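First up is the structure itself, then whatever we jot down about it.
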Amino acid sequence: MRAILLVIAAAAVLLGISTLYTVQQGQTALLFRFGEIVESNIKPGLHFKMPIVNNVRSFDARLQTLDAAPERYLTSEKKNLIVDSFVKWRIADAKRFYTTMNGDIRLANMRLAQIIKDGLRAEFGSRTVQEVISQDRNLIVKDIRKKTAEAVSSFGIDLVDVQIKRVDLPQNVSDSVYRRMEAERNRVAKDLRSQGSEAAEKIRADADRQRTIILADAYRDAETIRGEGDAKAADIYAKAYSKDDEFYAFYQSLNAYQQAFKDKSDVMVVDPKSDFFKYFNQQKK
């Protein structure tokens with residue numbers, strides 16, 4: 001009897017456990033009855049179901065990231081651009097997501113990646129390279145986001161964000177652009193150096209001209225001052241000479257002697273009775 005009770009209790013426990021199911025935080029769930037969806041978008045928590053009759057399938061309701069490899073797109077002028085983008089999305093309607101994507105996130109990423117590629121191809125195909133570079137990239141992203149959100153809404157997907165990480169030219173085109181940029185910068189640098197050399201020559205010529213003028217003015221002023229000094233000295237000498245002729249002659253002879261006999265080795269062949277030795281030959285009285 002006890003064994004039967006234990007079996008009945010165990011069966012009751014198993015039956016009770018089988019009537020309960022849990023939806024984890026960050027998940028959403030569908031409740032099926034014999035394969036037919038009877039309840040969708042079940043919130044996290046503890047729920048009840050009919051054993052055998054009902055079964056549950058859970059899906060990840062958290063934010064998903066689709067970061068595809070960079071793709072090559074043609075612009076309106078048939079130029080290639082390498083575009084790297086990513087997409088943020090989440091399951092908005094679990095029932096639609098299950099019926100359209102069989103609840104497979106990998107399949108949803110594949111379909112979403114193709115839609116994004118088509119949107120990017122259309123947007124870049126209607127613009128030139130200059131427009132892509134110069135225009136606000138948010139305008140392109142806004143158009144793609146709007147069109148993609150409409151396309152994926154039927155999949156039970158909520159498109160949260162679409163962003164373009166970078167837009168590059170192909171390597172061979174980039175090298176060509178860099179070479180043209182380098183040549184242009186070299187040309188500008190050469191022009192600037194030429195203008196600098198021309199300005200330097202003008203400055204140097206102006207400095208030489210000003211130097212010549214300054215030296216000429218200084219020489220003129222010096223000669224004027226020297227002439228005035230000589231005239232003043234001559235006037236002083238003349239006045240001094242007029243006051244005492246004999247003393248002036250004596251003074252001039254002393255200066256001449258001093259200049260003539262600077263060195264002991266100097267030799268002068270002059271008649272001792274000449275006027276030069278006038279004051280040497282005078283006897284003291």
Can you pull out every residue in the range 41-50 that is assigned to a loop (DSSP other than H, G, I, E, B) and surrounded by 16 or more Cβ atoms within 10 Å (Cβ to Cβ)? 49
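Consider residue 128 carefully, then state whether it is touching an Asp or Glu at 6+ places or on another chain (Cβ under 6 Å), over 19 Å from residue 69 (Cα atoms) and without any contact (Cβ under 8 Å) to a residue 60 or more places away in the chain.
yes
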Taking residue 112, is it surrounded by fewer than 16 Cβ atoms within 10 Å (Cβ to Cβ), part of a helix (DSSP H, G or I) and at pLDDT 90 or above? no
Please state which one of 147, 142 is touching a helix residue (DSSP H, G or I) at 6+ places or on another chain (Cβ under 7 Å) and either at pLDDT 85 or above or in a helix (DSSP H, G or I) (or both). 147
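Out of all the residues in the range 225-239, is one or more more than 43 Å from the chain's Cα centre (by Cα), under 30 Å from residue 108 (Cα atoms) and either of a type in the set (Phe, Trp, Tyr) or assigned by TED's automatic domain parsing to the domain that holds residue 83 (or both)?
No, because not a single residue in the range 225-239 is more than 43 Å from the chain's Cα centre (by Cα), under 30 Å from residue 108 (Cα atoms) and either of a type in the set (Phe, Trp, Tyr) or assigned by TED's automatic domain parsing to the domain that holds residue 83 (or both).
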Would you check if residue 133 is at pLDDT below 85, assigned by TED's automatic domain parsing to the domain that holds residue 81, crowded, with 19+ Cβ neighbours inside 10 Å and within 17 Å of residue 77 (Cβ to Cβ)? no
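If a residue must be in a loop (DSSP other than H, G, I, E, B), more than 29 Å from the chain's Cα centre (by Cα) and surrounded by fewer than 17 Cβ atoms within 10 Å (Cβ to Cβ), how many such residues does the range 51-75 contain?
Residues flagged as in a loop (DSSP other than H, G, I, E, B), more than 29 Å from the chain's Cα centre (by Cα) and surrounded by fewer than 17 Cβ atoms within 10 Å (Cβ to Cβ) within the range 51-75 amount to 5.
I'm trying to understand the selection: among the residues of the range 115-130, which are crowded, with 16+ Cβ neighbours inside 10 Å and in a helix (DSSP H, G or I)?
The first filter runs over the range 115-130 and keeps only residues crowded, with 16+ Cβ neighbours inside 10 Å, leaving 115-116, 119-120, 123-124, 127, 129.
115, 116, 119, 120, 123, 124, 129 - these are the residues of the range 115-130 that are crowded, with 16+ Cβ neighbours inside 10 Å and in a helix (DSSP H, G or I).
The values are calculated or read from the model by the stated rules, or taken from the named source; none is laboratory data. Just so it is clear, the model here is predicted, and its values are computed rather than measured. Positions of Cβ are backbone-derived with ideal geometry, glycine not excepted, and every protein chain shown enters the neighbour counts.
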